[in-house]
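Colleague: Handing you a structure now.
The values are calculated or read from the model by the stated rules, or taken from the named source; none is laboratory data. Bear in mind that the values here come from a model prediction, so they are computed numbers and not experimental data. Counting neighbours? That spans all protein chains shown, and the Cβs are built from the backbone with ideal geometry, glycine included. To get the accessible areas, we keep the full protein, side chains included, count just its heavy atoms, and leave off ligands, DNA and RNA. Shrake-Rupley method; radii C 1.70, N 1.55, O 1.52, S 1.80 Å.
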Amino acid sequence: MRTVAATRRAIVALAFPIALACSPSPAADEVPASAAPIAGRGWVVWESDRTGDARIWRRALEGGAETQLSAEEPGRDHCCAHLSPDGQWVVYLSIPGGIGKYSPPETVGELHLIPTAGGRDRVLVPAARHYGGHHAAMWWSEDGLVYIDASGDTRHHDLSTGAERRIVDGPERGEGFLVDPTGRWATSSTATFSQLDAATGTIRLATPFGGCEGWLSSDGTTGIWTAGAGGPIDAVDLATRSTWTVLAKHDARLPADRGYIYFPMLSHDRTLLAVAGSNDAHDHFRADYDVFVVELDPVSLVPVSDAVRITAHEAVDRYPDVWRDPASAPRRQAPARPRPTPRRAAAGEWPTSPAGLVWVWEGADRPNRRALDAPSEILVEHGETWADRRGRLGLMGGFAEADPDHAVRTSAELRGSNTVTVEMVLEPASLASDAAGPILALSSGQRQRGILVTQTGDSIEIALRTNETRRGGGAPVRLARLPGSGPHHVAFSYSPGRLRAYLDGQPAESPAWSGDFDPWRSGALTIGAEGGAPERFRGFVSHLAIFARELGADEIAADAQQALGRLAAAPRVEPVEIEGVLEARARVPTLDEITPYRRALVVESWRVERVLAGELGQPDPAIVRVARWAILDGDATAASQLAPGARARLRIEPYEAQPQLE
C-alpha cells in the first residue's frame, strides 16, 4: 500500500472493462364517545353478526344509537345493504347462513326492500345473486335498480310497476355484473370496470386492476375498489383509466388500530366514503372490523376530514353504505386531486421528499440515513465491488447486501403499505444484448421474491410479486429503455393496479400490473445479484432509495435532477484507453499481512502499445504505472492473476483524481 501511496503521479486503472323491518330493535351498544356526529342529515347502514347471524344495522349521521334494521330470520344471513338515492329505502340480500365464508356467486337468495326508518320488509325479487362480494344491487333512480338474477344476468327492476328488462347477459357461473345508472359501465367484485356496449348488450371486458369490491359512482365517471390486502382504497377515472389513492392502508386519518381497510362505498353525492377497518386482522367473518365514514371533496375524491367512527362493537361490522341529504351537506372548496405535498428536505439533501423513506444508499461518501436520527445504511460487499471517485458502487461480478434487519424492516413496511417507490442512478458497463443481471432484489430467492429489477441489454425490467402473480413474480416487464450507458436515473412506483416508470425524471413506460404484497415474506436486500442466481449486474449504482408510498412525478423529477446534477458536478476526468503489455507487478500481499482489511491495491508496470482513446500526455509515456485492486472481499481478483507478458486493454484515470483511495 505504501508503494501506491508514494506513486502520486501514477495512473490508476478502473476495474471497468466496459461492463455495469320489523321495527328497530333496541341498541346493542352505544355509539362510542369518540364518534363525533357527521354534519348533515343521513344514514349509515351495514351488515353485522353481533346477534349471531348477519343482519342489517343502521345509525343516523348525526349520531345516536345503532339499531338493527332487518328482522331475525333463522338460518339466513342478510348482506349487501344499499341505500336508495333519496335515502328512504334499503335493499338487501337474504342468503343461506352459517357458511362462515363468502358464498359462491351462484348462491341464490331473496332481494328485500325495507324503509330506512324501519317498517314493512318485503321481498322485491325472489331469486337474486350477489356479484362475488357482498353487493347485489345498484340503484339507478329512486324508483328503479339493477340486480343480478338467478341465471347471472343483470336486470333492471321498476319498483312502482314491477316491470323488468334485461340489461346484459351474465355468466351462468361465476361473478355477475352490476351496471352504473348511466348504463355505460359494469363491474364485479374483481374490479373489472368494463365498458358496456348498449347497442349489442355486451360487456367489453377490461383487464382487472387487482383487488376486490369494485363499485361505480352514480354519475358514471368513477370507480372505487379495495386495491390490496387491507388497502389502499383506490379510484379510477373510467374514461381515461387513470387511478389514484383515496384512502391509504394505515392512513393517518384512521385510528392506528383500524388502518386495515376494506368494503369501500361512495355516497350517492360523492361527499362521503364509508369503509370498515380492523387492527391488521384480515378474516372478513371473524376479525373485529368497525365502520368509519370520511368526508370527501366530491370532485377530486380527496379526503377533507379524519375518519369518523360509526361502530365500536367486537363483532364483524362490514360492507357499509352511507347517504346524506345533499341540501344538508357542508359546502367545501374542491381541492386539487394531487396528494398533499410531503415534507421537503433541507437544501442539498437527497432525496428531496424524504416522507415515507424506508431505505436509502446515496453513495459511499454520503450519510445514507433514512431519517436524521436513524443509523446509516451499511452495505456488506461481496466479490469484486468498490466505490468509484464519485462515491458510486462499482460492480464487476460482485454484489452488495444490506443489513439483514434493515432488509426485514423494509420488506415489512412495504407489505404494510401495499405501495412502493424505488429510484436509483445506473450506469451499466454495457448495453449489448448479452449484458444482463439483477440490479436490485428484495427476496430470499427466485421463489420467494418481492421485487427484482434487472438489466437485459438496453432495457431495465421488473418482476414484482403480488397475490396475482406466480411465486417468482411472473415474467419481467420493461420499465425503461436506456438511450445510452449512462448515468441514468430510473424510478418506478407501484400501488395495486398502478405501475408507473420514469427515466431521467420523465414518465417512461407504465406496464400493466396488479395485486398486492400480501404474499411477501422477509428476504435479503441485495444490489447486483439475487440470492440463488448466478447472474450479476456489471456497472455502477448510486442514489438508491426505497419508499413505502407513491412519489409524485414532480418529486421524482426533482430527485433525478439533483442526483444527476451532483454526479455531473464532480471534477471532469477523461479516461484513457490503452492496449498494453504487463511488464511487472508488485507482490500481492497475503490476507494475514493486511488483516483486518480484506482488500488491497497493487501497482503494475505496463508498456503502452497503442492509445485507443484519450491522451496520456505529451510526450506519451512508453511505460505507465497502474494501481488496481488485487484483493477484494478477501479473494484475489481475476486481473491480479495476469502473468507478465500478458496483453490487455485497460481503461485508466489519473490516480490523483481518485479521492476515495485516500
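Colleague: Which of the listed residues, 244, 277, 233, is farthest toward the dipole's positive end in the stretch 224-284, when Lys, Arg count +1 and Asp, Glu count -1 at the beta-carbon?
Modeller: Ranked along the dipole, the leading option is 244.
Colleague: Follow-up. Pull out the extension gain between residue 365 and residue 285, defined as 0.36 nm times the separation in residues minus the alpha carbon to alpha carbon distance; nm, one decimal.
Modeller: Values: separation 80, 0.36 × 80 = 28.80 nm, distance 5.25 nm.
Going from the current span to full extension adds 23.5 nm.
Colleague: Right, here's the next one. Calculate one ³J(HN,Hα) per residue across the stretch 41-53 by plugging θ = phi - 60° into the Karplus curve 6.51 cos²θ - 1.76 cosθ + 1.60, and present them in order as whole Hz with x for glycine and proline.
Modeller: 9, x, 9, 10, 10, 7, 9, 8, 9, 5, 9, x, 9
Colleague: Does the stretch 548-662 come out rounded, prolate or oblate by the C-alpha gyration tensor, with a ≥ b ≥ c the root eigenvalues, rounded set by a/c under 1.5 and, if not, prolate when a/b is larger than b/c and oblate if not?
Modeller: Values: a/c = 2.80, a/b = 1.48, b/c = 1.89.
Note, shape of the stretch 548-662 comes out oblate.
Colleague: Within the accessible area of the stretch 59-110, what % is carbon and sulfur when the probe is 1.4 Å and the other protein chains stay in place?
Modeller: Values: 1030 of 1790 Å².
Carbon-and-sulfur percentage of accessible area, whole number: 58.
Colleague: Okay, moving on. Given the protein chains as shown and a 1.4 Å probe, how many square angstrom of residue 112 are accessible, to the nearest 10?
Modeller: 20
Colleague: Sticking with this one: So for each of 288-299, 192-203, 170-181, 569-580 I average, over its residues, the number of other beta carbons within 10 Å; can you give me the resulting order with the highest mean first?
Modeller: 288-299, 170-181, 192-203, 569-580
Colleague: In nm, give the distance between the simple-model label positions of residue 88 and residue 200, each being 7 Å from the Cα along the Cα-to-Cβ direction.
Modeller: Each label point is offset 7 Å from its Cα along the Cβ direction, giving 4.0 nm.
Colleague: To the nearest 0.05, how large is the calculated FRET efficiency for residue 611 and residue 373 if R₀ is 45 Å and r is the Cβ-Cβ distance? Can you show the working numbers first?
Modeller: Details: r = 52 Å, r/R0 = 1.15.
The pair residue 611/residue 373 has a calculated efficiency of 0.30.
Colleague: For the stretch 482-604, what does the accessible surface come to per residue with a 1.4 Å probe? Please give it in Å².
Modeller: Working: 4910 Å² over 123 residues.
Computed with neighbouring chains in place, this is 40 Å² per residue.
Colleague: In whole Hz and in residue order, list the ³J(HN,Hα) couplings for the stretch 181-190 that follow from phi through the Karplus curve 6.51 cos²θ - 1.76 cosθ + 1.60, θ = phi - 60°; x for Gly and Pro.
Modeller: Per-residue couplings from phi come out as x, 7, x, 10, 10, 9, 9, 10, 5, 7 Hz.
Colleague: Could I ask something else about it? Looking at the chain, send over the antiparallel percent of its DSSP beta bridges, to the nearest 5. Mind showing how you got there, number by number?
Modeller: On the way: 166 of 168 bridges.
Rounded to the nearest five, the antiparallel share is 100 percent.
Colleague: Can you give the calculated 222 nm mean residue ellipticity of the chain, where each DSSP H run of n ≥ 4 adds -39,500 (n - 2.57) and the sum is split over every residue, rounded to the nearest 500 deg cm²/dmol? Mind dumping the intermediate values first?
Modeller: On the way: 4 runs with 40 residues, N = 662.
Here the helix-only value at 222 nm equals -2000 deg cm²/dmol.
Colleague: Write down the accessible area per residue of the stretch 39-157 in Å², having rolled a 1.4 Å probe over the full set of protein chains.
Modeller: Numbers: 3660 Å² over 119 residues.
Result: 31 Å² per residue.
Colleague: Using a 10 Å cut-off on Cβ atoms, rank the peptides 144-151, 273-280 from the highest mean neighbour count down.
Modeller: Details: 144-151: 22.0, 273-280: 23.5.
Packing proxy ranking, top to bottom: 273-280, 144-151.
Colleague: How large a share of the accessible area of the stretch 275-328, in percent, is made up of carbon and sulfur atoms when the probe is 1.4 Å and the other protein chains stay in place? Show your work: numbers first, answer last.
Modeller: Numbers: 860 of 1700 Å².
So the carbon and sulfur contribution to the accessible surface is 51 percent.
Colleague: Only Lys, Arg, Asp and Glu count, each charged at its Cβ (+1, +1, -1, -1), so figure out the dipole size of the chain about its Cα centre, rounded to 20 debye.
Modeller: On the way: 68 positive and 86 negative charges, 347 e Å.
In total the dipole reaches around 1660 debye.
Colleague: Need one word for the chain: rounded, prolate or oblate. Basis is the Cα gyration tensor (sqrt eigenvalues a ≥ b ≥ c); a/c below 1.5 gives rounded, then a/b vs b/c decides.
Modeller: Details: a/c = 3.03, a/b = 2.74, b/c = 1.10.
Note, shape of the chain comes out prolate.
Colleague: Name the residue farthest towards the positive end of the dipole of the chain from the options 568, 264, 646, assuming +1 on Cβ of Lys and Arg, -1 on Cβ of Asp and Glu, about the Cα centre.
Modeller: 646
Colleague: I've got another one for you. Tell me, what ³J(HN,Hα) does each residue in the stretch 150-166 have, in order and in whole Hz, if you take phi through Karplus 6.51 cos²θ - 1.76 cosθ + 1.60 with θ = phi - 60° and put x for Gly and Pro?
Modeller: 4, 8, x, 6, 8, 10, 9, 10, 8, 5, 5, 9, x, 5, 10, 8, 7
Colleague: Based on the Cβ-Cβ distance from residue 299 to residue 554, what FRET efficiency comes out when R0 is 22 Å, to the nearest 0.05?
Modeller: Values: r = 21 Å, r/R0 = 0.95.
About 0.55, to the nearest 0.05.
Colleague: Would you mind telling me the share, in percent, of accessible area of the stretch 111-229 contributed by carbon and sulfur at probe 1.4 angstrom?
Modeller: Values: 2060 of 4140 Å².
About 50 percent, which is the carbon plus sulfur part of the accessible surface.
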